[in-house]
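What follows is a single structure, written as structure tokens, with notes after it.
The values are calculated or read from the model by the stated rules, or taken from the named source; none is laboratory data. Given the structure is predicted, the values throughout are model-derived calculations rather than measurements. For neighbour counting, all protein chains shown are included, and Cβ atoms are generated from backbone atoms with ideal geometry for every residue, glycine included.
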Amino acid sequence: MMNVGQWLTRVRKESPLVHNMTNVVVTNFVANGLLAVGASPVMAYAKEEVADMVRLARALVLNIGTLNETDVEAMLIAGKAANEANIPVIFDPVGAGATAYRTETARRILREVNISILRGNASEIASIAGEQVRTKGVDAGDVQSDLVDVAKKAAHMFRCVVVITGKDDIVTDGERIVIVSNGDAMLTKVTGTGCLLSSVLGAFAGVGEDVMTSSVAALAYYGVAAEKAATQAKAPGSFQLSFLNALHETSAEEVDQYARIQGE
Amino acid sequence: MMNVGQWLTRVRKESPLVHNMTNVVVTNFVANGLLAVGASPVMAYAKEEVADMVRLARALVLNIGTLNETDVEAMLIAGKAANEANIPVIFDPVGAGATAYRTETARRILREVNISILRGNASEIASIAGEQVRTKGVDAGDVQSDLVDVAKKAAHMFRCVVVITGKDDIVTDGERIVIVSNGDAMLTKVTGTGCLLSSVLGAFAGVGEDVMTSSVAALAYYGVAAEKAATQAKAPGSFQLSFLNALHETSAEEVDQYARIQGE
Amino acid sequence: MMNVGQWLTRVRKESPLVHNMTNVVVTNFVANGLLAVGASPVMAYAKEEVADMVRLARALVLNIGTLNETDVEAMLIAGKAANEANIPVIFDPVGAGATAYRTETARRILREVNISILRGNASEIASIAGEQVRTKGVDAGDVQSDLVDVAKKAAHMFRCVVVITGKDDIVTDGERIVIVSNGDAMLTKVTGTGCLLSSVLGAFAGVGEDVMTSSVAALAYYGVAAEKAATQAKAPGSFQLSFLNALHETSAEEVDQYARIQGE
């Protein structure tokens, strides 16, 4: 797991086009965040064009934060086109477990599209995998073992890398387990920081082959940038601005220096 | 009307989930604003899930700023589910009076859903109530009496608390009249400050029983935060950031100290 | 081309209502940007109301950044209503050339609606006009002659003013050619700066008769504001904030002083 910073260097050099089908709350923040990272965002939702658009991209990010039937239909078209073209698909099942419609739609997408990376919080991933977890009380150095089990189960069920984010982030392909402990609680005070992370996972997956390693690198980078922003901003308006700045300014060397990664 | 600040304390302690069905212009700002207040925002628009989602929430906010038939249908489903579950519904009739479609849709929502709080500017409320008002020339200490009459008429027509915002804010349940005179003209230079206020009215209504008092408390808090932000920011980009910070940082004590409230 | 600053003065004095039918990524930024300029933004998308809304406005801006069939149908209704009422229509063909659907939709809008100003980057305008251009290597003082030819061809094809933006901006009505060389590369690090420019072109077109001159004035103002913001902000989060501030603070005198305009 050496040299996670080199993934950031590759993203900035290659500026991968990331096709986002995300929710209406965060779309501006996701686009600005990807630009700050050094990637190239594009948003396209119409069933008439999503297959054409995704073939131009290096990654596809599906996010059901404000889903509706029209968008889900287009997500399935885009996802299948991405699969045919060997383009990695990242899926963020926002709110799975909150309503039956979200949980069922998440499972439908996972059934019809081959997902490379599934990212959510503990309750979202657990609800999709048919598990229940205590979602309180996770803290650094004491990751709940049941969360790791849920992540591994989901990775086996959906044959993908699973990322459960929280105070510590869990990354697994079903066999290997890596814990990334960067980040800051201010991330929870700005809407869309999880959604943007999913798109950043897409940018990193777009410049390499090993989505397990690219995901660890993306998580470390994202968390280091958040820590940097939090040293400058103590309130949510300021933090949003500082975080976009930090995504732009954080260097590969800083990622290598400050990354807190445990595991294989 | 003592201790309006205690409402803010309750919102921050209970972090009520507020279900927003709002317009595409302001959705990010509303979510970040509610997080800054200390509430929990959720956005959901699909007719398949809005009834399920609203039953998890403490308030429902309907906003027709970029309405279309699909969203209006879902708003009616959500509104009726909220009524059945005794969850307060806040309605922001953005642009009523500007087009016949908006005015008629606003009236349809008011006919089919029991609204707890109707909030708009003078011309929006007047157009719904079938009145005409001079909307220029309102200033502090000299609230136009015809605006108060319009607010009272609307409160009787729709059996709800009516909030008309402007340089002075009018709150009435049809009998009691309260005027809140906090705020700053910079609020008019940032899009969505009215929409966010409607959602903040929802957060406050979600933690108590008396929507008249919760509305006065929300208006005073919102205005005090704006005044605080305006001392730090004189241009609109800076004000947006400072206002989100101020929503987060303003204390219950500051609200009690700086609130300018007249009336019963 | 004297006194481009006077156009800014007129916009601020008259505060023209600009009806935007734009994409979901940038809608908040466009609204806040127009407010910062001193114009009045409104967004409306429903086919039931767009004709009514556009008749209240001084300009209509159509942007296909996240197009779908429902929105395109409404854009055509709004565009035709604007034509009947002699209200200028600005068209931003975001992503034309990227997918067949976008290119064909852009041509359909240009066929069914009389456009006053067509604004895009080199590859967007070229793809609509059926041309191919090298889109790399444009720099100040050395505008590619083939880009000017593409702009002139498009102006003749669609009988409108064409604006191709890049490091240098080209404005032509098919006969006259003006080059505006203001701006800063930081504009490419914030999403929606092109979309907002199209809406600012609308605000300026709304206060005068000569859309060629109003476009040159809008481009000079926008670029001068960007240069001002770039002196204060070196990272994208900060630049977005500073640019909104600069749009608000830049004076007519500064525009006249710093405008870099060549041509007739």
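For segment A:231-260, filtered to residues that are of a type outside the set (Asp, Glu) and surrounded by fewer than 19 Cβ atoms within 10 Å (Cβ to Cβ), the residue that is nearest to the other protein chains (Cβ to nearest Cβ) is A:Ala235.
For segment B:10-22, indicate whether the set of residues that are crowded, with 24+ Cβ neighbours inside 10 Å, within 11 Å of chain A (Cβ to nearest Cβ) and within 16 Å of A:Thr27 (Cα to Cα) is non-empty. Checking segment B:10-22: at least one residue is crowded, with 24+ Cβ neighbours inside 10 Å, within 11 Å of chain A (Cβ to nearest Cβ) and within 16 Å of A:Thr27 (Cα to Cα). For segment B:64-71, the criterion of a residue being more than 25 Å from A:Thr105 (Cβ to Cβ) and away from every other protein chain (no Cβ under 14 Å) is satisfied by no position.
Scanning segment A:1-44 for residues that are assigned to a loop (DSSP other than H, G, I, E, B) and more than 18 Å from A:Pro88 (Cα to Cα) gives A:Met1, A:Met2, A:Asn3, A:Val4, A:Asn23, A:Val24, A:Val25, A:Val26, A:Gly38. Close Cβ contacts (under 8 Å, 6 or more residues apart or on different chains) running from residues in segment C:22-50 that are at positive phi to residues that are surrounded by fewer than 24 Cβ atoms within 10 Å (Cβ to Cβ) comprise C:Gly38/C:Arg12; C:Gly38/C:Ser15; C:Gly38/C:His248.
Only one of (1) away from chain A (no Cβ under 14 Å); (2) part of a loop (DSSP other than H, G, I, E, B); (3) in contact with a Ser or Thr (Cβ under 9 Å, 6 or more places away or on another chain) is not met by B:Lys47, so which one is it? The number of the failed condition is (1). Among the residues of segment C:33-42, those identified as closer than 15 Å to C:Val61 by Cβ and buried (at least 24 other Cβ atoms within 10 Å of the Cβ) are C:Gly33, C:Leu34, C:Val37, C:Ala39, C:Pro41. Any residue at all in segment B:230-245 that is in contact with a strand residue (DSSP E or B) (Cβ under 7 Å, 6 or more places away or on another chain) and either modelled with pLDDT under 95 or within 22 Å of B:Pro41 (Cβ to Cβ) (or both)? Looking for residues that are in contact with a strand residue (DSSP E or B) (Cβ under 7 Å, 6 or more places away or on another chain) and either modelled with pLDDT under 95 or within 22 Å of B:Pro41 (Cβ to Cβ) (or both), one finds none in segment B:230-245, hence no.
Within segment C:213-230, can you find the residues that are among the aliphatic types (A, V, I, L, M) and buried (at least 24 other Cβ atoms within 10 Å of the Cβ)? Working first, answer last.
Let us first name the residues in segment C:213-230 that are among the aliphatic types (A, V, I, L, M), namely C:216-220, C:224-226, C:229-230.
Selection gives C:Val216, C:Ala217, C:Ala218, C:Leu219, C:Ala220, C:Val224, C:Ala225, C:Ala226, C:Ala229.
Residue-wise test of (1) small (Gly, Ala, Ser); (2) in contact with a Phe, Trp or Tyr (Cβ under 9 Å, 6 or more places away or on another chain).
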position: B:His156; (1), (2): no, no
position: B:Arg176; (1), (2): no, no
position: B:Cys195; (1), (2): no, yes
position: B:Ala233; (1), (2): yes, yes
position: B:Arg260; (1), (2): no, no
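Where residues in segment C:96-126 are within 11 Å of another protein chain (Cβ to nearest Cβ) and assigned to a helix (DSSP H, G or I), which of them is surrounded by the fewest Cβ atoms within 10 Å (Cβ to Cβ)? Across segment C:96-126, the extreme among qualifying residues is C:Ala100.
Scan segment A:55-85 for residues that are part of a helix (DSSP H, G or I) and within 22 Å of A:Trp7 (Cβ to Cβ) and report the count.
Selection size over segment A:55-85: 1.
Being more than 13 Å from C:Gly33 (Cα to Cα) and among the hydrophobic types (A, V, I, L, M, F, W, C) is the filter here; which residues of segment C:190-217 pass it? C:Phe204, C:Ala205, C:Val207, C:Val211, C:Met212, C:Val216, C:Ala217 - these are the residues of segment C:190-217 that are more than 13 Å from C:Gly33 (Cα to Cα) and among the hydrophobic types (A, V, I, L, M, F, W, C).
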